[in-house]
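One structure below.
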Amino acid sequence: MKKNVHVVGAIIENDKHEIFCALRNPNMVLANYWEFPGGKIEEGESSEQALSREILEEFNCSIKVGDKVEDTIYEYEKFIVRLETFKASIIKGEPIMLEHAEIRWVPRKELLNLNFAPADIPAINKILAEKL
């Protein structure tokens, strides 16, 4: 039986309509995939609390979590992930790469040019369909 993992991701957009993306390093699960940054929800945390904590831990900046964008369940080879993605904005600091292989601000229209983890694709499709 596959393990179920519940994670959250932040869709952080700047005033140029670029979205913050992170490349998972070779030692991480789902290595070398791009993702909306975030991580696992710990016991007793809400999705929003987990997302704020993960962004602070992984990128040393604080965010305000906004509306939910997508709630996706995706079955990978070794586990099943539930990914909740939320819009978010940086309220303190600038993202610093602490754990990932690369970080970058990507124009919305170029998101699908990156090799995103499959669970992130429904959220990408949803934000690409939004009117700016």
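Return yes or no: is GLU99 open to solvent by 20 Å² or more (accessible area, probe 1.4 Å), under 23 Å from LYS3 (Cα atoms) and at pLDDT below 95?
Against the criterion (open to solvent by 20 Å² or more (accessible area, probe 1.4 Å), under 23 Å from LYS3 (Cα atoms) and at pLDDT below 95), GLU99 does not qualify.
Please determine, by comparing only the residues of segment 102-121 that are charged (D, E, K, R), touching a residue at least 40 places away in the same chain (Cβ under 8 Å) and within 17 Å of HIS17 (Cβ to Cβ), which one is surrounded by the most Cβ atoms within 10 Å (Cβ to Cβ).
Of everything passing the filter in segment 102-121, ARG108 is surrounded by the most Cβ atoms within 10 Å (Cβ to Cβ).
On the given criteria, is ASN32 touching a residue at least 24 places away in the same chain (Cβ under 8 Å), polar (S, T, N, Q), open to solvent by less than 50 Å² (accessible area, probe 1.4 Å) and part of a loop (DSSP other than H, G, I, E, B)?
When the stated conditions are applied, ASN32 does not pass them.
Identify the single condition in (1) aliphatic (A, V, I, L, M); (2) part of a strand (DSSP E or B); (3) over 17 Å from GLU94 (Cβ atoms) that ALA10 does not satisfy, given that it satisfies every other one.
(3)
I'd like the full set of residues that are over 18 Å from HIS6 (Cα atoms) and assigned to a strand (DSSP E or B), limited to segment 35-66.
If the condition is that a residue be over 18 Å from HIS6 (Cα atoms) and assigned to a strand (DSSP E or B), then SER62, ILE63, LYS64, GLY66 are the ones that fit.
Does LYS126 satisfy the criteria of being in a helix (DSSP H, G or I), on the phi < 0 side of the Ramachandran plot and either modelled with pLDDT under 95 or open to solvent by 90 Å² or more (accessible area, probe 1.4 Å) (or both)?
For LYS126, the condition - in a helix (DSSP H, G or I), on the phi < 0 side of the Ramachandran plot and either modelled with pLDDT under 95 or open to solvent by 90 Å² or more (accessible area, probe 1.4 Å) (or both) - is met.
Residue check: is GLU110 in a helix (DSSP H, G or I) and either touching a helix residue (DSSP H, G or I) at 6+ places or on another chain (Cβ under 9 Å) or not aliphatic (A, V, I, L, M) (or both)?
In short, yes.
Every residue in segment 69-82 that is surrounded by 15 or more Cβ atoms within 10 Å (Cβ to Cβ) and among the basic types (Lys, Arg), please.
ARG82, the sole residue that qualifies.
Might you check whether a residue that is open to solvent by 50 Å² or more (accessible area, probe 1.4 Å), touching a residue at least 60 places away in the same chain (Cβ under 8 Å) and farther than 19 Å from ILE124 by Cα occurs anywhere in segment 22-29?
Yes, some residue in segment 22-29 is open to solvent by 50 Å² or more (accessible area, probe 1.4 Å), touching a residue at least 60 places away in the same chain (Cβ under 8 Å) and farther than 19 Å from ILE124 by Cα.
Anything in segment 14-73 that is touching a helix residue (DSSP H, G or I) at 6+ places or on another chain (Cβ under 8 Å) and among the polar types (S, T, N, Q)? List them, or say none.
Across segment 14-73, the qualifying residues are SER62, THR72.
With the checklist (1) out of contact with any strand residue (DSSP E or B) (no Cβ under 6 Å at 6 or more places or on another chain); (2) among the charged types (D, E, K, R); (3) touching a residue at least 24 places away in the same chain (Cβ under 8 Å) in hand, flag the one item ARG82 doesn't pass.
Failing condition for ARG82: (1).
The values are calculated or read from the model by the stated rules, or taken from the named source; none is laboratory data. No experiment lies behind these values; they were computed from the predicted model shown. Neighbour counts run over all protein chains shown; Cβ positions are idealised from the backbone, glycine included. Surface areas here come from the heavy atoms of the whole protein model, side chains and all, with no ligands, DNA or RNA. Shrake-Rupley method; radii C 1.70, N 1.55, O 1.52, S 1.80 Å.
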